[in-house]
Amino acid sequence: MALDLTAALPRLLPRAIAWAEAREAEVLNSGTALSPNGGLALAQAVGVRHPDLIRVSLVDHIPLPDDPELREATLEAGLLGPDTLGITFGYAIYVRSDHDAAGLLWHECRHVHQYEQAGSIADFLPVYLKQIVEFGYDSAPLEVDARAHERDTP
Ligand SMILES: [Zn+2]
């Protein structure tokens, strides 16, 4: 039986925040800064205030939570899955290494801007995840906003 995401969200939220914060810490340690002649300007163009803080991690697979219920919820919500090409946690951006990052980076940097506006992962995720559950992934206003900032060029 499918998980009732609306009912599960309040219970899952603290675990989702902890997991996202751990992913951010990991990428901030091991990821790559945006290039001065490209990525930094791109991030600035979509409204990021501190593009120098961003780190990008190229991975074979976007990581999934070990927590079984959290994993099931992210898959069911369409947040993470086999088709996920990138995801952003605060200043940390995961990008699948087999995907051309150019267009995707615009989208993910806009999410960084959204995190900055919210103030922190703990402030952003409750709003974002509520939208995902309420509207569905494609129609969530924060996703619509990120898609509106995608460009084809690096
Ligand atoms: Zn997105």
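Extension gain Thr32-Leu75, at 0.36 nm per residue separation less the Cα-Cα distance, in nm?
Numbers: separation 43, 0.36 × 43 = 15.48 nm, distance 2.71 nm.
That works out to 12.8 nm of additional length.
For region 11-148, with only Lys/Arg (+1) and Asp/Glu (-1) charged at the beta-carbon, what is the dipole magnitude about the Cα centre, in debye rounded to 20? Kindly include the intermediate steps, with their values, before the conclusion.
On the way: 10 positive and 20 negative charges, 64 e Å.
Dipole of region 11-148, to the nearest 20 debye: 300 debye.
Could you provide, to the nearest whole Å², the per residue accessible area of the chain with probe 1.4 Å? Please report the intermediate quantities before stating the final value.
Values: 7930 Å² over 154 residues.
Per-residue value: 52 Å².
With n ≥ 4 as the cut-off for DSSP H runs, can you work out [θ] at 222 nm for the chain, using -39500 (n - 2.57) per run divided by the number of residues, rounded to the nearest 500? Display every interim value, and only then the final one.
Numbers: 6 runs with 83 residues, N = 154.
My calculation for the chain gives -17500 deg cm²/dmol from helical runs alone.
Tally the DSSP beta bridges in region 11-148 and give the antiparallel ones as a percent, rounded to 5.
On the way: 6 of 11 bridges.
The antiparallel fraction comes to roughly 55 percent.
On C-alpha positions alone, give me the angle between the axis of helix 5-30 and the longest principal axis of the chain, in degrees, nearest 10.
30 degrees
What do you get for Rg/Rh over region 7-154 if you use C-alpha atoms and the Kirkwood form of Rh?
On the way: Rg = 14.3 Å, Rh = 15.3 Å.
On the Cα set of region 7-154, Rg over Rh gives 0.93.
Work out from phi, with θ = phi - 60° and the Karplus expression 6.51 cos²θ - 1.76 cosθ + 1.60, the ³J(HN,Hα) of each residue of region 39-48, listed in order in whole Hz, and give x for Gly and Pro.
x, 5, 5, 4, 4, 4, 5, 9, x, 6
Could you list which residues have their amide H under 5 Å from that of Ser57, counting only those 5 or more apart in sequence or on another chain, with H placed in the peptide plane?
It is Thr32, Ile93, Tyr94, Val95, by chain and number.
When the accessible area of region 11-148 is computed with all protein chains present and a 1.4 Å probe, what percentage of it is carbon and sulfur? Show your work: numbers first, answer last.
Working: 3580 of 6620 Å².
That share works out to 54 percent.
Taking only the alpha-carbon atoms of region 106-154, what semi-axes of the equivalent ellipsoid follow from 5 times the gyration tensor eigenvalues under a square root, in whole Å, largest first? The partial results should precede the final answer.
Working: eigenvalues 71, 43, 7 Å².
Semi-axes (√(5λ), whole Å): 19, 15, 6.
The values are calculated or read from the model by the stated rules, or taken from the named source; none is laboratory data. Owing to the predicted nature of the structure, the values given are computational and were not obtained by experimental measurement. Reconstructed Cβ throughout: ideal geometry from the backbone, glycine too, with neighbour counts over all protein chains shown. Each accessible area value is taken on the protein alone, full model and side chains, heavy atoms only, with ligands, DNA and RNA left out. Shrake-Rupley method; radii C 1.70, N 1.55, O 1.52, S 1.80 Å.
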